[in-house]
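The values are calculated or read from the model by the stated rules, or taken from the named source; none is laboratory data. Because the structure is predicted, anything quoted here is derived from the model rather than measured. Quick reminder, even Gly has a Cβ in these numbers, built from the backbone with ideal geometry, and neighbours come from all protein chains shown.
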């Protein structure tokens, strides 16, 4: 397995799922498979420096179904990726969102490890997001 390619594919596919879920287009059955991508001990540092764990991440995603308008979009640009030790990869990417015509952007760094039971063969271990000024 190519850990870096799997981690990059996970970033792209998970955000595609978020768009479908947040707009209410994804079927309820898709949620469980998607949530397998997050490690039980995952930590997310949000752009405002608030730190949340996997249970809060799952709750946030679960409750967000159908909360965004139909034209909500997320565009992901992969910036860099590299292996960091045995069995771990770091992916840096920019996430651009448009909600009701308002644009936001953040740069994220995410650490992944291999997991054969995860949708793309890797699980999110840590995610840190930082706001990027938009025009």
Out of curiosity, is residue 56 out of contact with any helix residue (DSSP H, G or I) (no Cβ under 7 Å at 6 or more places or on another chain) and either more than 18 Å from residue 36 (Cβ to Cβ) or surrounded by 11 or more Cβ atoms within 10 Å (Cβ to Cβ) (or both)?
yes
Candidate set from the range 34-50 (those that are out of contact with any helix residue (DSSP H, G or I) (no Cβ under 8 Å at 6 or more places or on another chain) and exposed (fewer than 12 other Cβ atoms within 10 Å of the Cβ)); member that is farthest from residue 112 (Cα to Cα)
48
How many residues are buried (at least 16 other Cβ atoms within 10 Å of the Cβ) and either within 12 Å of the chain's Cα centre (by Cα) or closer than 13 Å to residue 126 by Cβ (or both) when one looks only at the range 16-33?
3
Pair list, Cβ under 9 Å, 6 or more apart: the range 28-54 residue touching a residue at least 60 places away in the same chain (Cβ under 8 Å) and on the phi > 0 side of the Ramachandran plot, other residue in a strand (DSSP E or B) and exposed (fewer than 15 other Cβ atoms within 10 Å of the Cβ)
none
Report, by residue number, each residue of the range 69-83 that is within 19 Å of residue 20 (Cβ to Cβ) and out of contact with any helix residue (DSSP H, G or I) (no Cβ under 9 Å at 6 or more places or on another chain).
69, 70, 71
Working only within the range 15-24, note down all residues that are in contact with a helix residue (DSSP H, G or I) (Cβ under 8 Å, 6 or more places away or on another chain) and touching a residue at least 24 places away in the same chain (Cβ under 8 Å).
18, 21
Could you tell me how many of the residues in the range 17-45 are out of contact with any strand residue (DSSP E or B) (no Cβ under 8 Å at 6 or more places or on another chain) and part of a helix (DSSP H, G or I)?
11
List the residue pairs whose Cβ atoms are under 6 Å apart, where the first residue sits in the range 117-128 and is at negative phi, the second is modelled with pLDDT under 95, and the two are 6 or more positions apart or on different chains.
119/33
Among the residues of the range 61-69, is there at least one that is surrounded by 15 or more Cβ atoms within 10 Å (Cβ to Cβ), in contact (Cβ under 8 Å) with a residue 40 or more places away in the chain, closer than 16 Å to residue 12 by Cβ and more than 12 Å from the chain's Cα centre (by Cα)?
no
